[in-house]
Amino acid sequence: DELISQIAAGEVVERPASAVRELVDNALDAGATQVTVRLLAGGVRLIAVEDDGAGIPRDELPVALRRHATSKITSLHDLESVATMGFRGEALAAIASVSEMALLSRTALQASAFMLDARSGELRPAARSQGTTVEVKELFFSTPARRKFLKTDATELAHCVEAVRRHALARPDVGFAIWHEGKLVEQWRATLSAEAGADDGAQQQALERRLGDVLGEDFIRDSVPVQLRLGAVTVTGRAGLPDAARSRADQQFCYVNGRFVRDKVLTHAARSAYEDVLHGQKQPVYALYLQIDPLRVDVNVHPTKIEVRFRDSREVHQAVRHAVENALAAPRA
Ligand code: ADP
Ligand code: MG
């Protein structure tokens, strides 16, 4: 079982950043409003992800580490329309099999927190407020072949920061902080939902503030809003003008129902729009958010859930292409 876990781990955890992505997914699924990531040596020596979410009840701490243990879906029907980031119940087990992991958690109903050491199974009372801290130490210590493929600490750190950045661009209502070797590397403050209100305009504002915080105020200046609904697909976000590419070429963020994805249909559609309107714009910068009926997209294609499959990719392609074309071609103030 140890071996099977380690093989599965290879698919889920490629480098520290993959563990960071999974742990932040879990924090968001738990309803966190603040997520803090602390790293040592680019995440190889330590990744600690701390949240103020619902917490894990004492008795469920050992369960959370088991393979295919997920509290998030209970039927195949749920699998068709997952709303949470996680659902495969693989990540914690996979990461634990290639590291020294500890879970520290407290729910609203508990008088104290509990800490589980994954390796020894020891469970003891500990101190913290409501929420969860997952500590991952010495990643790949038992799989030297994989450890050898890691790059310098600076490179691994950059990948970790990028992983958090992807989450941050999807969730302006959540605060994020990243520390490395005791120094604050990035901090993005939440736009509280009370400030943002519930209407679309307020949410768009919150998103723009986060885009400015994460990608730089110059990105807001050098980009145009995207807003289009075509059939079952809604596309929002911002498309960078040529000036935006000067400082941050080739940063492309695509989200499907709040999930960061890499997808050829989306990048091709956006690229076509840029070629049509701004001939020769080779490395556009954009952040695009698609909302689509969960039944029309399969997110269970790959363990890392970074790939998706659309039921009707032509429809999605058209929606994105038109959305970006309209945005780029609109007269500007
Ligand atoms: P999945 O996210 O696919 O369910 P994981 O292996 O990532 O699988 O996590 C296993 C389970 O552990 C989750 O279903 C959840 O119940 C619990 N869990 C993990 N991290 C957290 C967290 N930060 N806060 C609350 N519960 C968590
Ligand atoms: Mg998960």
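Read-outs: derived from the displayed coordinates by stated rules, not from any lab. It should be emphasised that the depicted structure is a prediction, and the values quoted were computed from it without experimental measurement. Note that each Cβ is placed from the backbone with ideal geometry, even for glycine, and that neighbours are counted across all protein chains shown.
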For region 210-216, in residue order, the Karplus 3J(HN,Hα) values (coefficients 6.51, -1.76, 1.60; θ = phi - 60°; whole Hz; Gly and Pro = x) are 5, 4, x, 5, 8, 9, x
Taking the convex hull of the alpha-carbon atoms of the chain and averaging its shadow over every direction gives an area in square nanometres of 17.7 nm²
Among 12, 159, 24, the residue whose Cα sits farthest towards the positive end of the charge dipole of region 2-188 (+1 at Cβ of Lys and Arg, -1 at Cβ of Asp and Glu, taken about the Cα centre) is 159
Ranked by GNM mean-square fluctuation in the chain (Cα springs under 10 Å), the top entry among 202, 32, 64 is 202
Note to self, the chain gives a 222 nm [θ] from helices alone (DSSP H runs n ≥ 4, -39500 (n - 2.57) apiece, / all residues, nearest 500) of -11000 deg cm²/dmol
For region 228-236, in residue order, the Karplus 3J(HN,Hα) values (coefficients 6.51, -1.76, 1.60; θ = phi - 60°; whole Hz; Gly and Pro = x) are 7, 10, 9, x, 8, 10, 10, 10, 10
The residues 155, 267, sorted from fewest to most surrounding Cβ atoms within 10 Å, come out as 155, 267
Here the gain from full extension of residue 162 to residue 296, 0.36 nm per residue of separation minus their alpha-carbon distance, amounts to 45.4 nm
Rounded to the nearest Å, the spacing of the alpha-carbon centers of region 199-273 and region 291-324 is 16 Å
Any residue on another chain or 5+ positions along whose placed amide H is under 5 Å from the amide H of residue 191 is listed here as 173, 174
So, with points 7 Å from each Cα along the Cβ direction, the residue 218-residue 14 label distance in nm works out to 2.9 nm
Expressed as a whole-number percentage, the relative contact order of the chain with C-alpha contacts under 8 angstrom and at least six residues apart is 16 percent
Per GNM of the chain with C-alpha springs under 10 angstrom, the most fluctuating residue out of 189, 119, 165 is 119
Diffing region 313-324: the Karplus 3J(HN,Hα) column from phi (6.51, -1.76, 1.60, θ = phi - 60°), in whole Hz with x for Gly and Pro, holds 6, 5, 4, 5, 4, 4, 4, 5, 4, 5, 4, 6
When the chain is treated as a Gaussian network with springs between alpha carbons less than 10 Å apart, the largest mean-square fluctuation among 317, 302, 68 is found at 302
Listed by chain and number, the residues whose amide H is under 5 Å from that of residue 258, excluding neighbours fewer than 5 places away on the same chain and using placed H, are 290
XL table 151/282; 137/183; 264/305; Cα-Cα > 23 Å flagged, in table order, is 151/282
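Test of understanding: what is the full-extension gain from residue 243 to residue 306, defined as 0.36 nm times their sequence separation minus their Cα-Cα distance?
Stretched fully, the residue 243-residue 306 segment lengthens by 19.8 nm.
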Measuring from the longest principal axis of the C-alpha atoms of the chain, the long axis of helix 264-277 (C-alpha) lies at a number of degrees, nearest 10, equal to 30 degrees
